[in-house]
Amino acid sequence: MAKQVAIDGKGVHYTPLNQQIRKAVADGADEIVISNILGQRFIGDGLRGNVTIQLYGVPGGDLAMFMSGPTIIVHGNAEHAPGNTMDAGKVVIHGNAGDAVAHSMRGGKVFVRGDIGYRGGIHMKQYEDHYPILVVGGTAQAYLGESLAGGLLLVLGLNGPVQAREIGSGIHGGEIIIRGDVDDACLATGATKVPLTEEDRMRIAPVIREFADDFGLDPEPLTGAKYTRIVPASARPFVGKYTWE
Amino acid sequence: MDRKRRTMDGSGIRQALSMMNERGSGEGAGYVAYGVYPDYRDCYALHVFFDNVRENKDVVDATLEQWGTIEHDEAIPTYDQPNLRAVHTPWRYFFKPDPSLAPASTSPEDDIVSALVMRVNTARRGALIFSSGKNVGVFKAGGWPEEVADFYRIEDYEGYTWLAHNRYPTNTPGWWGGAHPFNLLGWSVVHNGEITSYGTNRRYIESLGYTCTMYTDTEVVAYLIDLLVRRHGLDLDLAVRALAPPFWEEIDRMPEAEREWNRALRLTYAPAMMNGPFAIVAADADTMVGFTDRSKLRPMVVGECADRLYISSEEAAIRAMEPKVESITMPAAGEPVIGRVAP
C-alpha cells in the first residue's frame, strides 16, 4: 500500500522543510503532500528516489535544483528557475513560472501549464541518455533557449502566439519547437528555422500526449498542429565570435 | 499603493519584506511611507542622520534657518535592537523654505530644499539628509528588514503608499546612507540589481547640479527621476522610456512617427540611459511605477487586489501581504507598470 505523508509548510523555513521531506523519503514515503507553501526556496533540492511530492501554494526559486528522480507537482505558480540543473525526475507546474525555467537542466522533464518568463530553458544540455525536456503550455518571453546546448524545448502557445525577441540566443545544440509560426525577427543570431519533419512529429507526439495527460487537455489538436523548429544555424554557430582560428 | 489613499500601517510590508530575506545580507534595509505626516503636510520633512547630534546639529539648524523656517524638529523615535548598532542618530525637521530667497525659480521651494540637501550632504560634516519630501518619510538603517522595522517601530506609521527594500551590497560596503529607499523631494526609489552605467549617469547628473554622496548606484536613479519628471516635466512613462529605452532594432521597426520620437528621446537622454540588470520601483505622493531593464535580468511581479497595487521581486511577498490577491502578472522587460492614486 502506498505510504502518504502530509507536511504543513506554513511559515516553515526551507531548511527544516527539506529535512522533513528527506526524512519522509528515507522512511519510505511514496507521496508527500505539502500544504501552505509560500515562497520557500530550494524545495526538493538534490533529492533522490521515486517519491511524488504535491505542493500546494507558491514555492520560491530553484525548486527541484539538482533533483534526481522524484516528481514534484506544484498546484500554483512557481518562481525563478524551477528544475535548475535537474538531473532526472519531473516537475509539473499547474500555474505560471518565472524567469530561467529549467536553467541548465541536464535530464528529466519540466512541464508548465501556463506562461514562463524570460530565458526559459537557458543552457539546457544533453549527454548520452540524459535528455532534458521543457514543455510550456502558454507563452514564453525573450531569450527563450538562450545558450541552449541540448534537449527539447517545446512551447505550445495555448495563451497566444510566441512573440519573444532573441529566441535561441547563443544556441549551439538541442532544439526549440514552437507551435505556429515564428517571425524571423524573433530569432537571435546563430538560430535558424527548419521544417518539422514527420520523424520530428513522431518524436514529439508522446511528449505532447504526456503533457496533455498531466493537465487534462485534449492532445489531438496539439499533435496535429503546425510547428516551427529552431536549431543552431550550424555545428558551431559562434566559431570566430570571440577567438580566431 | 492604495489608490484611494486608505492608509496601511508598516507591519504588512515588514512581513512581506521578511519573506525575501534570502535576497539580503543584513547590511541595510529601509522603508518609505507616503502620508505619514498629516499634521505637517505643508512642510518638507527632512530626515537626517547625524553622526553626533551635539557636534553636527548646529550647522544644519543654521543652514536651514538661513533659507526658511524650522516649524518643528525632533529625534526620530527609535528602539534599541540587540543586533543593530545605532551608528547614526536619525532626526527629523519640518521645514518651510522662504520662496522669496529664490526669486528666479519657477519652483523656489523645491529648488531651495534640493539645493540644501546637496549642500549638507556634500559638506560631509556628520549630517546626511536622506529624505526631503512633504508628508513622506524614509526610515532606513544597517540591518535586516525586521530589525530596521523594529528599530523605528514601523507599525506606528500609517501610509497609503509604501516602498521597502532589503539590501545585499555587492560593489560598495553597506552603510546606513547606502540603504534603500533613496529619496529626493517627492520621489523615492528602491532597486534590485546594479546600474553598470553608473559612471556615465553620475557624470551627467553631476553636470546638472546634483552631487552623489551615498557611495552606491541607486542614488543616481532618484536624481535622474527628479531631473526628468520634476525639472524637465516629462510624463512618467516617457521618463521611464528615456531611462530604459527600446533597443535600436526595435526602434528601427516602429512606424515612422513613433520611430522619430523614440529616436529623439533616446538621443536626447543618452547619458541618462541605464544599463545593467535592474528592477526599480519609484513613487511620489500620487504615483508608483515599476520597471525592469530591457533584457529582464531581474524579476518583477505585479499583484492587484481591489484598490491595492503591489510590485515585488517575488510573488510570495505579495501573497504574504494580500492572501486574496486577485491578479498576479509579470510585466514585459522595460514596460512600466504605473499606479496612480485617485485625485
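Going from the residue with the fewest nearby Cβ atoms within 10 Å to the one with the most, A:VAL135, B:VAL36, B:VAL87 rank B:VAL87, B:VAL36, A:VAL135.
Comparing Cα centroids, region A:30-71 and region B:2-70 end up 40 angstrom apart.
Mean projection of the Cα convex hull over all viewing directions, computed for chain B: 17.0 nm².
Here the residues A:TYR14, B:TYR44, ranked from fewest to most Cβ neighbours within 10 Å of their Cβ, fall in the order A:TYR14, B:TYR44. Using only Cα positions of chain A, each an equal point scatterer, no hydration layer, compute I(q)/I(0) via Debye at q = 0.09, 0.11, 0.12 Å⁻¹ and quote the log10 values to two decimals. The computed values of log10 I(q)/I(0) come out as -0.37, -0.55, -0.64. Between the C-alpha center of region B:198-253 and that of region A:187-227 there is a gap of 44 Å.
Computed as a quarter of the hull surface, the mean projected area of the alpha carbon convex hull for the protein assembly as shown stands at 30.2 nm². Here's how it looks for B:GLY68: its modeled amide H is under 5 Å from those of B:ASP98, which are all 5 or more places away or on a different chain.
With the charge dipole of region B:27-128 set up from +1 on Lys and Arg Cβ and -1 on Asp and Glu Cβ about the Cα centre, the Cα lying farthest toward the positive end among the listed residues B:ALA127, B:SER105, B:PHE95 is that of B:ALA127. Taking a ≥ b ≥ c as the square roots of the Cα gyration tensor eigenvalues, region B:16-77 comes out oblate, since a/c reaches at least 1.5 and a/b does not exceed b/c. Report summary: the helix-based calculation at 222 nm, which adds -39500 (n - 2.57) for every DSSP H run with n ≥ 4 and divides by the residues of the protein assembly as shown, gives -6500 deg cm²/dmol.
Taking only the Cα atoms of region A:89-187, the ratio Rg/Rh comes out at 0.93, with Rh defined as the Kirkwood radius. Among B:TRP175, B:TRP261, B:TRP162, the residue with the largest mean-square fluctuation in a Gaussian network model of chain B, with springs joining Cα atoms closer than 10 Å, is B:TRP261. Which residue fluctuates most in the GNM of chain A (Cα springs below 10 Å): A:SER35, A:SER104, A:SER68? Taking springs between Cα atoms under 10 Å, the residue moving most is A:SER35. Ignoring aspartates and glutamates fewer than eight residues from B:LYS57 along the same chain, the ones with Cα atoms less than 13 angstrom from its Cα are B:GLU65, B:ASP73, B:GLU74. The antiparallel fraction among DSSP beta bridges confined to chain A stands at about 20%. Binning the C-alpha pair distances of region B:198-343 at 10 Å intervals from 0 yields a P(r) profile of 11, 37, 35, 16, 2 %, listed from the shortest bin outward. For the residue pairs A:LYS23/B:LYS296; A:LYS226/B:LYS324; B:LYS96/B:LYS140; A:LYS193/B:LYS324, the alpha carbons lie more than 32 Å apart in A:LYS23/B:LYS296; A:LYS226/B:LYS324; A:LYS193/B:LYS324. Beta bridges from DSSP with both residues in the protein assembly as shown: antiparallel share about 65 percent, rounded to the nearest 5.
The numbers here are math on the coordinates, done by the rules we state, and not lab data. What you are looking at is a predicted structure, and each value in this text was computed from that prediction instead of being measured. FYI the Cβ positions are ideal-geometry reconstructions off the backbone, even for glycines, and counts take in every protein chain you see.
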